[in-house]
1. Where does helix 342-356 land angle-wise versus the long Cα axis of the chain, in degrees 0 to 90, nearest 10?
2. Cβ under 10 Å from Ile301's Cβ, Ile301 left aside: what net charge do those residues give with Lys, Arg +1 and Asp, Glu -1?
3. Past the 19 Å Cα-Cα mark, which pairs from Lys34/Lys66; Lys85/Lys134; Lys159/Lys219; Lys34/Lys239; Lys47/Lys102; Lys66/Lys134?
4. Within the chain, which is the longest segment containing none of the GluC sites (Glu not before Pro) that sit in a DSSP loop and have at most 12 other Cβ atoms within 10 Å?
5. How large is the translational diffusion coefficient of segment 282-327 in µm² per second when you combine the Kirkwood radius over alpha carbon pairs with Stokes-Einstein at 10 °C and 1.306 mPa s?
6. Can you give the longest stretch of the chain with no exposed loop site, where a site means trypsin sites (Lys or Arg not before Pro) in a DSSP loop (not H, G, I, E or B) with at most 16 other C-beta atoms within 10 Å?
7. Can you tally the net charge around Met228? Count Lys and Arg as +1, Asp and Glu as -1, for every other residue whose Cβ sits under 13 Å from the Cβ of Met228.
8. Classify segment 7-442 from the C-alpha gyration tensor, please: rounded if a/c falls under 1.5, else prolate or oblate depending on whether a/b exceeds b/c.
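Bear in mind that the values in this text are calculations on the coordinates, not laboratory data. It should be emphasised that the depicted structure is a prediction, and the values quoted were computed from it without experimental measurement. Note that we place each Cβ from the backbone using ideal geometry, even for glycine, and neighbour counts take in every protein chain shown.
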Amino acid sequence: MVDAIYLAQSSDTTPSVIEKKNVEFEQSGLIHSKVAGRFEIIQELPKSADSFNEMFDYADVYGIIKLAYIDSAHKISATKSNETKRASSVGGEIGFSTAEYKGIRANITAYISQNLNFLNHENLNEDFLTAEQKSFIYLAEANLEYANEMVQAKVGRLKVETPFANSDDIRLAPNTFEGVWMNVDYTSQIHSQMMYLNRWAGYDSQDEESLSSQNQFKKLVNEESFGMLGVSLTYEFAKNSELSFWYNYIDDMASIAYAELVGIYFIEGDAVHIDYGIQASHAEELNDSNVAGDVFGAMGIIHYKGAFVGGAYNISLSDAGKYTTNGFGGGPNYTSLDEATISAISQARASYQNEESLSSNNNAEAFRIGAGYEFDTQSFEGLVIEAVYGELYNDSGKIKESDLILSYDFSQRWNLQATYTNYKSSCEKNTFDRTLVKLNYSF
């Protein structure tokens, strides 16, 4: 976790920035994707300007250049096919932030994906492209930001990380939202987030029925819905440990309450510790959306020096024809895998029940186990290798998924991510293998 970037103003017209990064504890990989700190707000104090014009004179350019390759029979639509689909693309995120003037600054970021035609086959995987199988560039983030010692706020197009609305950066275009977001630090241990979100874009936002693309901002639920209101309260009761409560009202979909106790218990410094978590959510449907039910879960990860092993369990409880949801992004549930989630199997079962007019309940269970090693030797520092296996099942059948993940931060700017996924679903009668590789350069 990065505490802050502190500012010092020199006597000439150019501000000097002194960066002080105090990393308390940081963990990488899929197994650690649901541990403490994933919703934490990191405040970075920007360069300071003495006038409106100086805001732009001192603007900073930043970005991530991504080179990506995917080989898979699967795509975003529900069409099941055993045809191998491949794609290569170069893109990423490029933007700039102005300096701060009276607590206000502006941020603009474009998301880009350009199809590398000379590397691609005719049978093209659509994951990096629009619904028309074209390259894209769009303004994903464009917001005004205000910050002081207690409050951080943004309005416009922005990225948020919450249980039921998050970036879920799994391809080239993370999810971003249109709306208003605010974080309030009441004390060093107690803070809350408040938000109103109306539209979104990104990989998860695609809709096969309307053929809307990931680069197009669209309403969260439907054209009549005013969007999503959310509020949270978090208490950090110990180092890297917190208790939080979230409430979301999603018009024409559901009201969702979510509570979580998550943290790290240190046994022998950072070398020997246990990640733990307990979660519960309750959704009540709105306007006959069929989104309703409860999800409960627990997880634990044991670490000994660079090695770690862990497991997680979720149970989803809904009435017949009802289902639980991930919201707008990857969702909060501990058993989520690279592809499969308990909310997805819950929704698939509910659709089948509605079609067949069945009267049984719609309950589902899932577990996930995994192990990995984080190298800390000088030759391989920044390398993390993981193997994860999970099963999800209900009355319709079972999903089995195996994931192999490699993440390598081989410098402060370069990062390599590679994931192999084997997915088998008896309830959907769908099986596929997927290889995804991304090389990232940050500046």
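1. 40
2. The answer is 0.
3. With Cα atoms farther than 19 Å apart: Lys34/Lys66.
4. 225-380
5. It comes out at roughly 125 µm²/s.
6. Longest stretch, sites excluded: 306-412.
7. -1
8. Values: a/c = 1.34, a/b = 1.32, b/c = 1.02.
Rounded, because the longest to shortest axis ratio a/c is under 1.5.
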